1. Regarding B:V178, is this residue in contact (Cβ under 8 Å) with a residue 12 or more places away in the chain, more than 10 Å from every other protein chain (Cβ to nearest Cβ) and in contact with a strand residue (DSSP E or B) (Cβ under 6 Å, 6 or more places away or on another chain)?
2. Taking the stretch B:86-95 as the region of interest, how many residues are among the acidic types (D, E) and either within 16 Å of ligand 5 (Cβ to nearest atom) or open to solvent by less than 20 Å² (accessible area, probe 1.4 Å) (or both)?
3. Looking only at the stretch B:180-191, which residues are of a type in the set (A, V, I, L, M, F, W, C) and open to solvent by 10 Å² or more (accessible area, probe 1.4 Å)?
4. Could you please let me know if B:D11 is within 16 Å of ligand 3 (Cβ to nearest atom) and in a helix (DSSP H, G or I)?
5. Tell me whether the stretch A:219-234 contains one or more residues that are part of a helix (DSSP H, G or I) and away from ligand 4 (no atom under 16 Å from the Cβ).
6. Testing B:C20 on (1) in a loop (DSSP other than H, G, I, E, B); (2) without any contact (Cβ under 8 Å) to a residue 24 or more places away in the chain; (3) open to solvent by less than 70 Å² (accessible area, probe 1.4 Å), one condition comes back false. Which one is that?
7. Given A:G12, A:G42, which one is assigned to a loop (DSSP other than H, G, I, E, B), in contact (Cβ under 8 Å) with a residue 24 or more places away in the chain and touching an Asp or Glu at 6+ places or on another chain (Cβ under 6 Å)?
8. Only one residue in A:A247, A:A213, A:A259 is over 22 Å from B:V223 (Cβ atoms) and facing another protein chain (nearest Cβ under 10 Å). Which one?
Amino acid sequence: MFPIRAAHPLSGSITRFTVEAPLVARKWRAGQFVIVRIAEGGERIPLTVVTADRADGCITLIVQAVGRTTRELCALRAGDALADVLGPLGNPTPIGRHGRVACVGGGVGTAELLPIARALREAGNEVQAVIGARTRDLIILEDEMRECAATLALTTDDGSYGRRGLVVGPLEEALRAPAGLDAVYAIGPLPMMRAVAEATRPFAVKTYVSLNAIMLDGTGMCGGCRVTLDGQTRFACVDGPEFDGHAVDFDELLRRNAAYAEHEREADRRWHEGCASRGAA
Amino acid sequence: MLRVNPLNPKDRVRIPRQACLEQPARTRWSTFQEVSSGFDHEQARLEASRCLECRDPVCTKGCPVGVDVRGFIQDLLRDDIATAAERIRRTNALPAICGRVCPQESQCEAACTMGRKFEPVAIGKLERFVADWEAAHRPAWQRPAPRPTGPRVAVVGSGPAGLTCAAELAQRGYRVTVLEALHALGGVLRYGIPEFRLPREVLDRELRLLGALGVETRTNVLVGRSVTIDELMDEEGFTAVFLATGAGTPLFLGIPGENLCGVYSANEFLTRVNLMGAHRFPEHATPVRLGREVAVVGGGNTAMDAVRTARRLGAEKAWLLYRRSRQEMPARVEEIHHAEQEGVDIRFLTSPVRIVGDAAAAVTGIECETMELGAPDASGRRRPVAVPGSTHVLPVQTVIVAVGQRPNPIVQATTPGLGTGAHGVVTVDEAQRTNRPGVFAGGDLSRGGATVILAMRDGRRAAAAIDDWVREGALRPA
Ligand SMILES: Cc1cc2nc3c(=O)[nH]c(=O)nc-3n(C[C@H](O)[C@H](O)[C@H](O)COP(=O)(O)OP(=O)(O)OC[C@H]3O[C@@H](n4cnc5c(N)ncnc54)[C@H](O)[C@@H]3O)c2cc1C
Ligand SMILES: Cc1cc2nc3c(=O)[nH]c(=O)nc-3n(C[C@H](O)[C@H](O)[C@H](O)COP(=O)(O)OP(=O)(O)OC[C@H]3O[C@@H](n4cnc5c(N)ncnc54)[C@H](O)[C@@H]3O)c2cc1C
Ligand code: SF4
Ligand code: SF4
Ligand code: FES
């Protein structure tokens, strides 16, 4: 079992967890993730490790409740425990010394981006952060990002905070600015990462995206996480999760990630029914 | 040689090979219960009395681990099942499993003298009977075992190779730690082979035995990522390491449409069901997507397991597409027979060329070519060649690809200098030694996809070699 030391809500639907996982904490590097199973009968889901405290043997996870498993997870509190935590998985993010780098985070993707932004800064890059979300409540880690970034732009789709619009707006300005950009790291929903890759393509700026394919084992054993890069099949869990955004077949991945939409709705319905009956009791 | 059976050979050959009770095919495909219920005591005695007690027991030569078949059958004839069990365990650590999943028809039973003119003795079923009897009457895990105190050995992977090696080493007094990436132990025996062929209780009782021997097991450790081989040996105090990570990386066909929604590797499909319990969705959280019509591509045990599982999950039509003919099919004969009984439509000489999908990228069909057998290829099997103009589309919503697997590269990539051969298999000598001192390997990892019994044999050999290595080490100047 992997005890939860702390659980703090960051917003209505996003929770930050500190979990005891000494093996993971010891080896973790920015960009790597874990596969978590809450309890017997549960699903295995991938979650990025945001930070690790080696001395303490703890890792930090930031989770957005979007479906059955993440909702069950976000209902857990300090003192509860996770049945399984496997990791660290995937390749660490290649942290080069590029010069001026934009770190673009969308929604909970900002959590996954934070360790990378920090590592880039430590490697001597100038970090320009752009973080966005649908609405103000979903903007997370603003202060933490500000700490490691030279500049920070904020956007919300509904204009409730920062600039109204999408993250590509500030990104395009940075691309067009005289100094330009030397590399871009983008993590967020697939449509956002695709838009970022499309924005940087004409400028031929190296663009790293982190692909949230549906995963099962996370060890390269099932092939369920396969993605297509320039016509070649790759397994996101062992070959990624980060890839060259200009090579990714986003359309295919978007369709593959919708493969269980019906099952997810069914699971959701059951979950809400469960809540209703628990509430009534 | 003393014969135990009072019957003369003529009488023995008149006894028909005993058939096990099986669940009726009509209802079977809707349940995950084990298909064959095995022999009862009376049947086992009758079947044992068919054995000719050959002076030269060729059955033993046909068995990869050399089980003393004649000997245990004679024990059975004397009604001394406990001795039979002990005799089998001398060379076979997992008899209840091997009795169920060994390809007997190409091993012990292929060699059996009785089989030259009549049907061979049902050695596998007898072995299973003995092992199940042992579990029911004198469970081995209840026998007291001394706590091991010797040097520490790490076993990486908990499939049959790793489990066997761990048990052998513990019996020799080593302190063994098994490291497994998944959340449950057993390797393919857990996530690959379905319950209707290998009930989980059979596997679990072998695991209890391991616990009783003092073997420590740790799940959720992906060696190479969570900890490296070098760290295990240099920092964690392990004297030797046995690598048994199997051949888990699935191969795909490389045809158009393979990344459509509804195309699975057999590994993914079987793991969703066997390990995650997707057939019990939504009580269990992991889903599986299965159409009314399903095509499975391949001809091995993996393909058979996938197609029979698909039937049990409710597929009304289940095709098995194999590009060669029945003779070349590598699956166990019993599985092919059971699959056909369960209504699986096996299409021989059929090779997929494209998977077809709709606007939402959901599978709607699989386009195939009919093949004919041409000249023999390097493997000696006749090479299938496409018949011109034979292209046709089978309407399916799910395609499961079972065309082979390779070793997972993570350990090899993170262990500097570890010698590997074609397709990423780890190179070993006859004692399972790799080129790295103190590092041993076996099972599918060094064979690239073989059988449970061969994995087990490798595990035993490695245990003996590790024992030698440690003893020599004690004599080596530090
Ligand atoms: C490498 C990686 C790192 C991730 N890091 C984080 C993170 O740090 N924080 C966070 O909140 N989320 C992260 N995710 C996404 C998270 O895994 C999914 O939100 C979660 O699995 C959804 O499960 P659910 O049952 O709650 O929702 P569901 O109702 O099952 O699905 C909701 C959505 O999540 C996607 N999804 C479903 N199952 C999986 C799965 N097994 N793997 C991936 N996506 C799935 C579906 O496409 C669907 O659109 C990461 C995903 C990947 C691949
Ligand atoms: C569906 C299916 C049906 C089969 N049917 C039969 C049959 O009927 N008869 C027969 O004889 N053979 C059969 N086989 C083949 C047989 O199962 C294998 O040959 C055998 O399991 C190999 O054993 P192994 O111990 O080498 O590896 P595996 O059983 O593959 O076990 C390897 C284990 O190592 C773990 N692992 C991998 N990488 C790491 C790592 N880096 N760190 C930690 N752990 C790791 C894996 O998760 C796995 O649990 C079948 C195979 C399949 C897939
Ligand atoms: S281990 Fe397998 S091959 Fe050997 S005797 Fe038993 S069933 Fe036959
Ligand atoms: S070869 Fe067949 S008949 Fe002869 S001893 Fe072995 S099992 Fe008996
Ligand atoms: S999640 Fe199974 S191979 Fe990547």
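The values are calculated or read from the model by the stated rules, or taken from the named source; none is laboratory data. Small disclaimer: the values here were computed from a predicted structure and weren't measured. All Cβ positions, even for glycine, are placed from backbone atoms using ideal geometry, and neighbour counts span all protein chains on display. Surface accessibility is based on the protein's heavy atoms, side chains included, excluding ligands, DNA and RNA. Shrake-Rupley method; radii C 1.70, N 1.55, O 1.52, S 1.80 Å.
1. Working: in contact (Cβ under 8 Å) with a residue 12 or more places away in the chain: yes; more than 10 Å from every other protein chain (Cβ to nearest Cβ): yes; in contact with a strand residue (DSSP E or B) (Cβ under 6 Å, 6 or more places away or on another chain): yes.
When the stated conditions are applied, B:V178 passes them.
2. Step one: filter the stretch B:86-95 for residues among the acidic types (D, E), giving B:86.
From what is left, the residues that are either within 16 Å of ligand 5 (Cβ to nearest atom) or open to solvent by less than 20 Å² (accessible area, probe 1.4 Å) (or both) are none.
Looking only at that region, the number is 0.
3. Going through the stretch B:180-191, the residues of a type in the set (A, V, I, L, M, F, W, C) turn out to be B:181-182, B:184-185, B:188-189.
Residues satisfying the conditions are B:A181, B:L182, B:A184, B:L185, B:V188.
4. Working: within 16 Å of ligand 3 (Cβ to nearest atom): no; in a helix (DSSP H, G or I): yes.
So B:D11 does not fit the description; no.
5. Just the residues of the stretch A:219-234 that are part of a helix (DSSP H, G or I), to begin with: none.
No, that holds for no residue.
6. (2)
7. Answer to the check: A:G12.
8. Working: A:A247 fails: facing another protein chain (nearest Cβ under 10 Å); A:A213 fails: facing another protein chain (nearest Cβ under 10 Å).
The conditions single out A:A259.
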